[in-house]
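The values are calculated or read from the model by the stated rules, or taken from the named source; none is laboratory data. As the structure is a prediction and not an experimental result, all values here were calculated from the model. Note that we place each Cβ from the backbone using ideal geometry, even for glycine, and neighbour counts take in every protein chain shown.
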Amino acid sequence: MLEPTSRRRLSRALITGAAALSCLVTGVGPLSGTAHAAPSGLPPAPVRPAVTEIGFLSAETAPAAAPASAATATGSAAPAGTLMVEARTGGPALDVRSEPSAAASSLRGIADGARFPVECRVPGEWTRGTVRTTGSWLRVDGGGYVPDAHVVRPTPVGRCAPALPAAGVPVPAPVPAAAPAQAAVPAPSPAMAPSLAPAPVPSPSPAPAPVAAAPAAAPAPAVVPGTPAEFIRQVGPAARQSMRATGVPASVTLAQAILESGWGRSKLSTRDRNYFGIKCFGGPAGRAAGCRDYPTTECGSGGCGKTTASFRTYRTAADSFADHGDFLASNSRYRAAFAHSRNPDRFAQEIAKAGYATDPAYPGKLIGLMGTHDLYRYDR
């Protein structure tokens with residue numbers, strides 16, 4: 001048994017050793033895998049950021065002392081609901097276009113190597129870029145579109161969700177299989193086809209509409225495909241009406257309807273009454289009731305390729321023809337064509353030059369149809 005004096009000496013030695021060990025640990029900091037509170041009066045030790053697997057670092061993972069560069073000039077953190085991507089053109093600025101097409105007006109430029117936020121992806125003009133060849137365009141946060149072909153992105157960009165149609169306008173449903181057989185019974189008439197008349201507006205009801213009332217709000221059937229002469233006879237009045245309202249030559253309108261819809265037999269025209277191949281750029285617009293995706297072929301400076309595009313849908317064929325005229329008359333890119341409203345051939349060349357279609361033979365096809373079927377008579 002130790003004497004009291006010896007016990008006191010041993011206790012002092014243990015206390016002195018513990019104090020030295022405490023100073024040593026404090027000097028080197030906490031050991032890996034352990035948690036320690038900072039000594040009183042000292043700031044907590046900084047936490048080193050972890051590098052993510054993707055090529056870009058977010059504001060949460062980027063080192064606080066990282067120097068700013070031109071690549072982060074637009075900000076390192078993407079706004080909510082967006083993805084940060086990088087422009088890659090090899091030199092010139094990347095144009096932000098008003099529509100997903102190289103022919104659309106330029107809204108602004110993004111420097112090569114600069115990062116910027118995008119919202120989603122839409123189909124557009126086929127582009128061969130420095131990164132990839134694709135028909136996809138990215139909608140930029142703040143407005144406008146850039147080709148995905150000139151963009152470096154950490155992950156694929158999701159497709160833009162189509163906008164909902166206006167209140168009270170139902171999205172057109174697929175035409176039932178039995179509809180074509182029933183629609184083919186009446187003989188074509190020189191007068192405007194019933195499908196070209198404005199769609200009836202259902203009467204309001206205080207109670208929820210029963211199932212039997214659904215046909216009243218359904219889209220009108222498409223124009224009945226028949227012989228070329230019958231098709232022209234059915235849609236001719238709508239083309240003339242569009243000419244009176246907008247100045248687009250009726251002969252050009254008819255030729256475009258024939259070419260784009262395959263004489264009214266395409267799925268886009270029979271199902272959704274779109275006779276002109278007008279696309280949805282982010283959502284329905286004009287007189288459209290909605291949007292629907294279809295496979296298509298797009299041509300650009302890099303050649304032609306298969307892609308998927310979103311096209312406008314209509315409740316009636318009359319809405320499609322009226323929207324076509326409005327689309328041309330209200331779009332500044334086609335303004336030069338309206339200086340030739342009395343020269344249908346030149347008008348067709350001008351809208352093709354402005355980018356209405358990506359097929360380089362498009363104007364020649366329109367002019368050929370106008371001459372073969374004497375569509376010029378509808379301009380009188």
With respect to the numbered conditions (1) more than 25 Å from G305 (Cβ to Cβ); (2) in contact with a Gly (Cβ under 9 Å, 6 or more places away or on another chain); (3) at pLDDT 95 or above; (4) not polar (S, T, N, Q), which one is the sole condition not fulfilled by V151? (1)
I'd like to check something: does the stretch 293-312 contain any residue that is out of contact with any strand residue (DSSP E or B) (no Cβ under 7 Å at 6 or more places or on another chain), buried (at least 20 other Cβ atoms within 10 Å of the Cβ) and not assigned by TED's automatic domain parsing to the domain that holds E125? no
For the stretch 236-293: of the residues being charged (D, E, K, R) and outside any helix (DSSP H, G or I), which is farthest from F311 (Cα to Cα)? R265
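Would you mind finding the one in A318, A329, A352, A336 that is under 27 Å from L107 (Cβ atoms), in a helix (DSSP H, G or I), modelled with pLDDT of 90 or more and touching a Ser or Thr at 6+ places or on another chain (Cβ under 8 Å)?
Numbers: A318 fails: under 27 Å from L107 (Cβ atoms); A352 fails: touching a Ser or Thr at 6+ places or on another chain (Cβ under 8 Å); A336 fails: touching a Ser or Thr at 6+ places or on another chain (Cβ under 8 Å).
Within the list A318, A329, A352, A336, the selection yields A329.
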Result of the Cβ filter at 6 Å on the stretch 257-278, keeping first residues that are under 17 Å from L366 (Cβ atoms) and touching a residue at least 24 places away in the same chain (Cβ under 8 Å) and partners that are of a type in the set (D, E) and part of a helix (DSSP H, G or I), at least 6 apart or interchain, is F276/E260; G277/E260
Tell me which residues, restricted to the stretch 136-157, are hydrophobic (A, V, I, L, M, F, W, C) and under 18 Å from E298 (Cα atoms). W137, L138, V146, A149
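For the stretch 212-244, enumerate the residues that are of a type in the set (D, E, K, R) and at pLDDT below 95.
Step one: list which residues in the stretch 212-244 are of a type in the set (D, E, K, R), which gives 230, 233, 240, 244.
Of everything in the stretch 212-244, those that are of a type in the set (D, E, K, R) and at pLDDT below 95 turn out to be E230, R233.
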I'd like the residue in the stretch 325-349 that is surrounded by 20 or more Cβ atoms within 10 Å (Cβ to Cβ) and of a type outside the set (A, V, I, L, M) and, out of all such residues, is nearest to A245 (Cα to Cα). G325
Output the number of residues of the stretch 91-148 satisfying the condition of being over 18 Å from the mean Cα position of the chain (by Cα) and of a type in the set (D, E). 1
What are the residues in the stretch 355-380 that are at pLDDT 95 or above, outside any helix (DSSP H, G or I) and at negative phi, if any? H373
Any residue at all in the stretch 276-289 that is on the phi > 0 side of the Ramachandran plot, crowded, with 22+ Cβ neighbours inside 10 Å and in contact with a Gly (Cβ under 9 Å, 6 or more places away or on another chain)? no
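Condition first: closer than 19 Å to T155 by Cβ, in contact with a Pro (Cβ under 7 Å, 6 or more places away or on another chain) and either modelled with pLDDT of 95 or more or not hydrophobic (A, V, I, L, M, F, W, C) (or both). Now tell me which residues in the stretch 62-82 satisfy that.
P79, T82
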